[in-house]
Amino acid sequence: MVISLGSINMDLVVRCERMPAQGETITSNGWFSNPGGKGANQAVQAARMGSRSMLVGRIGSDAFGREVMSSLSASGVDISGVVADPALPTGIACVLVEHSGENRIIVAPGANGAVGATELRILRNVLQPGAVLLLQCEIPFGVVLEAARMGHVAGATVILDPSPWESVTIGPGVFADVDYLVPNESEARALSGTDDMREAAAVLLGLGARTIIVKMGGKGAFAVGVFGIGEVPAFSVVPVDTTAAGDAFQGAFASSLERGVSPDNALNIAMAAGALTVTRPGAQQSMPDGAEVAAFIEARKRF
Ligand code: RIB
């Protein structure tokens with residue numbers, strides 16, 4: 001089983017030709033809303049890859065909460081671990097996507113900020129040896145660390161996406177319960193204090209994580225740990241919207257590990273899922289299923 005403990009958002013997406021400058025008003029090309037949140041997105045991708053996927057988190061008792069729950073359920077995610085907060089609203093994310101497909105996101109946590117003891121109790125009851133636990137940093141960081149510890153004690157594989165990086169409190173051994181730390185380039189830079197990805201990975205390994213995978217978008221990935229040291233080339237695609245590409249990567253990677261795929265193949269599958277997600281707008285609505293990922297990898301072998 002793949003378990004994701006993390007954020008659940010409604011994404012409010014505005015498309016624009018370019019990002020506005022400070023103090024500037026520009027007109028968008030259109031907008032839409034769709035279910036998002038790193039925790040929820042990763043759970044959806046794991047479910048689409050064929051894993052039993054459970055989400056633990058918190059929504060508000062409101063219309064956005066009801067909408068995201070029914071969408072998660074339709075995607076095959078077990079939502080029995082999602083709590084409805086009586087007072088706080090469902091989290092939202094304001095997502096600006098420019099012509100190039102690059103985005104900027106501001107998250108208003110709402111109920112995600114109240115994830116705590118209740119959710120950890122739910123998690124403790126479902127963790128089991130062989131499970132893969134997905135964590136991100138849009139819920140309180142102390143809860144993330146405790147969940148990682150519980151995951152390790154239970155014999156699960158722990159994958160941490162340190163995003164948003166500002167939520168991470170760096171200290172000696174902070175990633176000691178993390179099997180795979182999966183930052184993107186800017187997060188690796190911010191957390192390590194260096195621009196050189198090899199040095200950054202070494203710094204992050206020194207904080208306790210057993211394997212580091214730095215996601216570098218169109219440049220591929222750089223991995224250090226169970227893979228040895230290596231650069232993995234990207235699948236080349238025309239980007240439409242990069243939102244949730246990292247979540248697709250983590251969800252597909254977790255699902256692959258949980259189904260017994262080797263870490264090297266899991267990395268390739270994760271890169272393909274991320275690449276496909278970039279070719280479509282939105283978060284959960286843009287994520288591929290296992291058959292599409294397999295066909296994409298097969299097709300790319302021929303050319
Ligand atoms: O990683 C993409 C996600 O980040 C979006 O869906 C948004 O909700 C924010 O959590």
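The values are calculated or read from the model by the stated rules, or taken from the named source; none is laboratory data. Just so it is clear, the model here is predicted, and its values are computed rather than measured. So basically every Cβ, Gly included, is an ideal-geometry build from the backbone, and we count neighbours across all protein chains shown.
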When restricted to 181, 204, the only residue more than 16 Å from the chain's Cα centre (by Cα), of a type in the set (A, V, I, L, M), buried (at least 19 other Cβ atoms within 10 Å of the Cβ) and closer than 22 Å to residue 169 by Cβ is 204
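Checking the condition of a type outside the set (Ser, Thr, Tyr), at pLDDT below 95 and within 16 Å of the ligand (Cβ to nearest atom), which residue from 217, 251, 230, 246 passes?
Within the list 217, 251, 230, 246, the selection yields 217.
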Pairs returned, first residue in region 242-268 that is among the hydroxyl-bearing types (Ser, Thr, Tyr), second residue that is part of a loop (DSSP other than H, G, I, E, B) and within 15 Å of the ligand (Cβ to nearest atom), beta-carbon separation under 8 angstrom, 6 or more apart or interchain, are 242/101; 242/102; 243/281; 243/282; 243/283
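Are any residues in region 1-34 in contact with a Phe, Trp or Tyr (Cβ under 9 Å, 6 or more places away or on another chain) and not small (Gly, Ala, Ser), and if so, which ones? Give the steps one after another, and end with the answer.
Pass one, region 1-34, residues in contact with a Phe, Trp or Tyr (Cβ under 9 Å, 6 or more places away or on another chain): 9-15, 33.
Selection gives 9, 10, 11, 12, 13, 14, 15.
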Log entry, pairs with first residue in region 269-282 being of a type in the set (S, T, N, Q), second being outside any helix (DSSP H, G or I), beta carbons closer than 6 Å, six or more apart or on different chains, reads 277/244; 277/287; 279/237; 279/240
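Which one is surrounded by the fewest Cβ atoms within 10 Å (Cβ to Cβ), of the residues in region 1-14 that are part of a loop (DSSP other than H, G, I, E, B) and within 16 Å of the ligand (Cβ to nearest atom)?
In the first step, residues of region 1-14 are kept if they are part of a loop (DSSP other than H, G, I, E, B); the result is 1, 6-8.
Then keep just the ones that are within 16 Å of the ligand (Cβ to nearest atom); that gives 6-8.
On the way: 6: 29, 7: 27, 8: 34.
Once the filter is applied, the top-ranked residue is 7.
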Log entry, pairs with first residue in region 1-25 being in contact (Cβ under 8 Å) with a residue 40 or more places away in the chain and among the basic types (Lys, Arg), second being within 12 Å of the ligand (Cβ to nearest atom) and not in a loop (DSSP other than H, G, I, E, B), beta carbons closer than 9 Å, six or more apart or on different chains, reads 15/96; 15/97
Filtering strands (runs of 3 or more DSSP E) wholly in region 62-115 for at least 2 residues that are closer than 19 Å to residue 44 by Cα, touching a residue at least 24 places away in the same chain (Cβ under 8 Å) and away from the ligand (no atom under 15 Å from the Cβ) gives 78-85
Filtering region 15-58 down to residues that are within 13 Å of the ligand (Cβ to nearest atom) and either part of a strand (DSSP E or B) or of a type in the set (D, E, K, R) (or both) yields 32, 33, 34, 35, 36, 38, 57
